[in-house]
Amino acid sequence: MLKKLIFALGLVLVAALIYAGNYLADVLSAGSGFSAKNICSGYFISGMPAQQILDEVLVPAAPMLANVSFEIDDENRLVDAQFFGFAHRRAVFTEGTGCTLLRAGREQLQRNLEVAEVEALDATLPWPQGSAPAPVDPRLEPVLQQAFAEPDPLHARNTKAVVVIHKGQLVAEKYAPGIDADTPLPGWSMTKSVTNLLIGLLMNDGKLRLTQTAPVPLWYEDPVDPRGDITIDQLMRMSSGLEFEEKYTPYSDVSRMLSVEADAAGFAAAKPLVAEPGTLWSYSSGTSNILSGVIRWTVGGYLQEYYDFTQQRLFLPLGIHTAVLETDNNGTFIGSSYMYAKARDWARLGQFCLQDGFWQGKRLLPEGWLAYSTTPTPDNPLNNYGAHFWLNADPEDKQKQRTWPSLPTDTYFMSGFQGQRVVIIPSKELVVVRLGFSSGPNRGIEPLVAGLIEALAPD
């Protein structure tokens, strides 16, 4: 009996050691992967010094990443990183799709992509047709100065760019040292709202319908798979009912999806249901990547077709020349998190939304698409989320405040990690872009927008 007990305990110990070893390996791999990818993107896309990216982006997000070591190969345009000296991961830059994190153990990325050729914008024409600088408005300068101030010595605001569009015109812009009007900067989860616009283009083409079940191949392998009942609308509203852990901890679903897994859309689509679709709102980057996969499958499946669709149907018609959507190792855009663009181009997207998908005499999105996108999701009692856009509407519970109490209730916005925002206020004909690497909650966005509304108000 004693021998059996010792044997059983031994098996438990071995299993625990294997589990702990696998857990540690994934944690180290995630840390190395997250670092390699973001240093690569910041260095090769934004043109920022690698150490600045580590200090301002990575370490504030996770202090343990101060233990990351990295090497940059300028000739081959790649970054190698290790966490605590272990778990070597590599990210590779390619024209058109930015930096791709390779799956662990892979050293090369074979990708033949024909990148869109664009002409430089006319420097004599104003935004959005050209690239002429914003006029100087002395009423707005104090408000912008405050947006770049650092009132909290413990939590850096670290604003990098602010662009203000009023009544369709660029009225102000300001940049931090080392950043200018042509610097592409990360949107993080603002990319989710871009995924919304791409879905809207396919709706306008008649290739997708909100009420249809999502065309995810995995969900149709078994005809009784309940995930096959999930609709496009439920994915757009984060109400799919799929399990997904959005916490940014080393072993969470979102960390694994972005920094360990090779197929982000496939990883998220494989999650089981934890609630009936349409009954539980749960913010999920996995959901956005499932939609990104849907877009890819709908336009043909090949990366070239997907890339051409984003460029020819959205970015180039809007005069957006710096947008870079980055892919996972399988070549699917990471529609939850990884798009870079200069602040003026993020502003073009905001103005496009303000105009309900109408641009220079052409309707690109279905009429009323932004009304749909900004209608509160029924199973979210805070009323602060529509369809891949955040809202400033009144919560159902009157004891709770709106996200930004001093701003109008029709305010909606794209929102990303570390304070990335494109704020859209139809009643004020206002679009405000704020980009930066904030390490704390006091990013100054609400007072920035409130100050601009006050300064722009007619005398």
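The values are calculated or read from the model by the stated rules, or taken from the named source; none is laboratory data. As the structure is a prediction and not an experimental result, all values here were calculated from the model. All Cβ positions, glycine included, derive from the backbone under ideal geometry; neighbour counts span all protein chains shown. Quick note on the areas: whole protein, heavy atoms, side chains included, nothing else; ligands and nucleic acids left out. Shrake-Rupley method; radii C 1.70, N 1.55, O 1.52, S 1.80 Å.
Take His388, His166, His88 and sort them by solvent-accessible surface of the protein heavy atoms, 1.4 Å probe, largest at the top. Present the calculation step by step, with values, prior to reporting the outcome.
Numbers: His388 0, His166 35, His88 70 Å².
Of His388, His166, His88, the descending order of accessible area is His88, His166, His388.
Over the heavy atoms of Val274, what accessible area does a 1.4 Å probe trace out, to the nearest 10 Å²?
90
Provide, for q = 0.11, 0.14 Å⁻¹, the log10 of I(q)/I(0) from a solvent-free Debye sum over equal Cα point scatterers in the chain.
-0.89, -1.46
Could you order Phe44, Phe352 so the one with the most accessible surface comes first? Probe is 1.4 Å. Mind dumping the intermediate values first?
Details: Phe44 40, Phe352 0 Å².
Descending accessible area places them as Phe44, Phe352.
Can you give me the solvent accessible area of Trp281 with a 1.4 Å probe, rounded to the nearest 10 Å²?
60
Would you compute, from DSSP H runs of 4+ residues alone, the mean residue ellipticity of the chain at 222 nm, taking -39500 (n - 2.57) per run and dividing by the full residue count, rounded to the nearest 500? Walk me through the intermediate numbers first.
Details: 12 runs with 138 residues, N = 459.
Taken over the chain, the calculation gives -9000 deg cm²/dmol.
Taking all protein chains as present, what is the carbon and sulfur share of the accessible area of region 246-353, in % to the nearest whole number, probe 1.4 Å?
Details: 1610 of 3030 Å².
Taking all protein chains in place, region 246-353 shows 53 percent carbon and sulfur surface.
Quickly rank 404-413, 287-296, 129-138 as a protection proxy: mean count of other C-beta atoms within 10 Å, highest first.
Working: 404-413: 18.5, 287-296: 27.0, 129-138: 13.1.
The peptides rank, most packed first, as 287-296, 404-413, 129-138.
What lysines does Lys398 reach when the alpha-carbon gap must be under 26 Å and sequence neighbours fewer than 8 apart in one chain are set aside?
Within the straight-line cut-off, Lys398 pairs with Lys428.
Place +1 on the Cβ of every Lys and Arg and -1 on the Cβ of every Asp and Glu in region 361-459, take the dipole about the Cα centre, and give the residue among Leu456, Ser406, Leu435 whose Cα lies farthest towards its positive end.
It is Leu435, whose Cα lies furthest towards the positive end.
Hydropathy first: keep DSSP H helices in the chain averaging at least 1.0 on Kyte-Doolittle, then drop any whose Cα extent along the axis falls short of 24 Å, and list what survives.
Working: long enough: 2-44 (62 Å, 1.13).
What comes out of the filter, once short or polar helices are dropped, is 2-44.
Order Lys174, Lys247, Lys428 by their accessible area, 1.4 angstrom probe, all chains in place, largest first. The partial results should precede the final answer.
Working: Lys174 50, Lys247 135, Lys428 85 Å².
Correct descending sequence by accessible area is Lys247, Lys428, Lys174.
Give me the 1.4 Å probe accessible area per residue for the chain, excluding ligands and nucleic acids, in Å². Please list the in-between numbers first.
Values: 19870 Å² over 459 residues.
Value for the chain: 43 Å² per residue.
Can you give the relative contact order of the chain as a percent, counting alpha carbon pairs under 8 Å and 6+ residues apart?
Working: 898 pairs, mean separation 80.1, N = 459.
17 percent.
Which Cys residues of the chain have no other Cys Cβ less than 4.7 Å away and so no disulfide-compatible partner by this rule?
Cys353
Need one value: the accessible area of Leu154 in square angstrom, 1.4 angstrom probe, rounded to the nearest 10.
The accessible area of Leu154 comes to roughly 140 Å².
If the cut-off is a Cα-Cα distance under 22 Å, which lysines reach Lys342, setting aside same-chain residues fewer than 8 apart in sequence?
By straight Cα distance, Lys342 reaches Lys37, Lys160, Lys167, Lys174, Lys192.
Which whole-number percent is the relative contact order of region 359-459 (Cα, under 8 Å, 6+ apart)? Please report the intermediate quantities before stating the final value.
On the way: 143 pairs, mean separation 14.9, N = 101.
In percent, rounded to a whole number, it is 15.
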